[in-house]
1. I'd like to check something: does region 135-155 contain any residue that is part of a strand (DSSP E or B), touching an Asp or Glu at 6+ places or on another chain (Cβ under 7 Å) and free of Cβ contacts under 8 Å to residues at least 12 places away in the same chain?
2. Any residue in region 192-206 that is of a type in the set (Asp, Glu), assigned to a loop (DSSP other than H, G, I, E, B), open to solvent by 50 Å² or more (accessible area, probe 1.4 Å) and at negative phi?
3. Can you tell me how many residues within region 1-54 are acidic (Asp, Glu), touching a residue at least 40 places away in the same chain (Cβ under 8 Å), within 30 Å of Glu121 (Cα to Cα) and in a helix (DSSP H, G or I)?
4. Among the residues of region 169-185, is any under 30 Å from Ala123 (Cβ atoms), open to solvent by 10 Å² or more (accessible area, probe 1.4 Å), free of Cβ contacts under 8 Å to residues at least 60 places away in the same chain and not in a loop (DSSP other than H, G, I, E, B)?
5. Just wondering, is there one or more residues in region 10-31 that are under 23 Å from Lys222 (Cβ atoms), in contact with a Pro (Cβ under 9 Å, 6 or more places away or on another chain) and of a type outside the set (Ser, Thr, Tyr)?
6. Hey, any hits in region 62-84 for a residue that's at pLDDT 95 or above, assigned to a loop (DSSP other than H, G, I, E, B) and closer than 19 Å to Thr228 by Cα?
7. Can you report the number of residues in region 24-54 which are farther than 16 Å from Thr226 by Cβ and either among the β-branched types (Val, Ile, Thr) or within 18 Å of the chain's Cα centre (by Cα) (or both)?
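The values are calculated or read from the model by the stated rules, or taken from the named source; none is laboratory data. What you see is a predicted model; the values in this text were computed from it and never measured. Note that each Cβ is placed from the backbone with ideal geometry, even for glycine, and that neighbours are counted across all protein chains shown. For accessibility, only protein heavy atoms count, side chains too; no ligands or nucleic acids. Shrake-Rupley method; radii C 1.70, N 1.55, O 1.52, S 1.80 Å.
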Amino acid sequence: MQRGLQRFHEATDGLRMVSYPGEVGVALYARLVGKHAAMKVPVQCETPKVDEISSKLRLFRDHLVGGAGLTDGVDYRVTGCDVNAQFLAASGSVELGDGDPTTIETPRSIDGLMKLPGYFELARATDTGHSAFGRLKKGEWITTQSAKYLAGNRDLDLPVSNAVVWESNSRGRRLSAWSRQMRTARERLAPAAVSDPGSAYALMVVKAIYTAFLGGMLRSEKRNKTGTMRPDWSDQVVTLANANMWRALDKVTDERCQLLGVRRDSAWFLAPAEHELIEPAGLVVSDQPGKWRVEPGRSGPLTAEMLEAYRKGSAERFLHGLIRSAQTESTDDGSH
């Protein structure tokens with residue numbers, strides 16, 4: 001423990017560990033604001049409409065991709081792949097708003113607005129042709145990050161009735177310095193963590209800090225009383241992370257496999273069992289945040305339980321079945 005705390009302090013330039021990892025993330029932001037004169041002191045958004053939009057926003061789009069081509073008499077395997085530090089990667093480049101936003105009614109074009117942090121309200125129901133988004137309802141809100149993916153990468157025409165955005169003079173990459181500090185600590189600790197228990201412990205703490213801050217504290221009224229309590233920041237980080245994941249999956253060109261589903265930061269690929277554990281061509285596999293890793297513990301033979309979950313469209317039940325399949329295979333192989 002003592003060695004781990006020492007390595008933590010070294011890797012984070014003396015950051016103090018308090019009771020809850022999320023609070024350390026908040027304290028780090030405050031320390032960086034004091035250190036860098038160019039960093040703005042954040043203030044909470046006071047626009048009720050933003051709270052309303054954020055509370056109804058569909059942040060995660062777990063789904064199974066229909067139409068899997070299964071050949072009778074062929075055994076199949078599912079390979080699970082995860083995005084490394086998905087939110088941390090997105091937080092370094094995402095544009096975020098300061099203070100309160102501007103509302104634009106019936107914008108003539110969203111081309112310029114998609115570059116801004118914010119939200120769009122759909123003017124009519126829209127069939128996206130994408131398995132994650134499906135058919136968007138009239139009046140549904142999506143973030144500009146999602147819109148940029150659908151319109152920019154998928155060439156979808158998005159009819160927008162209202163835009164709530166932070167314009168050029170009230171936005172910036174407000175988490176970039178914070179993200180850089182966390183990434184640096186991660187990079188310092190990761191190589192030694194393989195063989196040094198102290199570094200492994202410190203790395204675990206660093207991961208807990210950026211996970212708790214980005215995944216919880218940004219929208220926690222109970223725990224976060226500072227200006228970083230910004231649900232709109234959380235919405236932009238999460239939906240940019242998701243959009244980047246789908247951009248990566250769109251580039252997969254491996255004829256051996258087909259995308260079977262996505263849950264949070266994981267994607268599942270189906271392939272004939274003869275290929276065993278696969279690394280899908282087109283997917284960038286690396287230890288860097290935002291890149292991918294193959295997960296043997298989330299890979300295994302396609303079972304009847306998984307197939308039933310797939311046919312019923314339950315990504316959560318499919319995941320549970322996949323974990324059991326991987327555990328059974330590991331036990332059968334004598335790995336445990």
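1. So the first thing to find is which residues in region 135-155 are part of a strand (DSSP E or B), and the list is 135-136, 141-143.
With the extra rule that they be touching an Asp or Glu at 6+ places or on another chain (Cβ under 7 Å), the set shrinks to 135, 141, 143.
Now drop any that are not free of Cβ contacts under 8 Å to residues at least 12 places away in the same chain, which leaves 135.
Checked against the condition, which is being part of a strand (DSSP E or B), touching an Asp or Glu at 6+ places or on another chain (Cβ under 7 Å) and free of Cβ contacts under 8 Å to residues at least 12 places away in the same chain, region 135-155 yields at least one hit.
2. no
3. Count: 1.
4. Yes; the residues of region 169-185 include at least one that is under 30 Å from Ala123 (Cβ atoms), open to solvent by 10 Å² or more (accessible area, probe 1.4 Å), free of Cβ contacts under 8 Å to residues at least 60 places away in the same chain and not in a loop (DSSP other than H, G, I, E, B).
5. Within region 10-31, none of the residues are under 23 Å from Lys222 (Cβ atoms), in contact with a Pro (Cβ under 9 Å, 6 or more places away or on another chain) and of a type outside the set (Ser, Thr, Tyr).
6. Scanning region 62-84 turns up no residue that is at pLDDT 95 or above, assigned to a loop (DSSP other than H, G, I, E, B) and closer than 19 Å to Thr228 by Cα.
7. 4
Listed here are the residues, each with its yes/no results for (1) open to solvent by less than 50 Å² (accessible area, probe 1.4 Å); (2) among the hydrophobic types (A, V, I, L, M, F, W, C); (3) at pLDDT 95 or above.
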| residue | (1), (2), (3) |
| --- | --- |
| Ile104 | yes, yes, yes |
| Pro107 | yes, no, yes |
| Glu121 | yes, no, yes |
| Lys137 | no, no, yes |
| Glu140 | yes, no, yes |
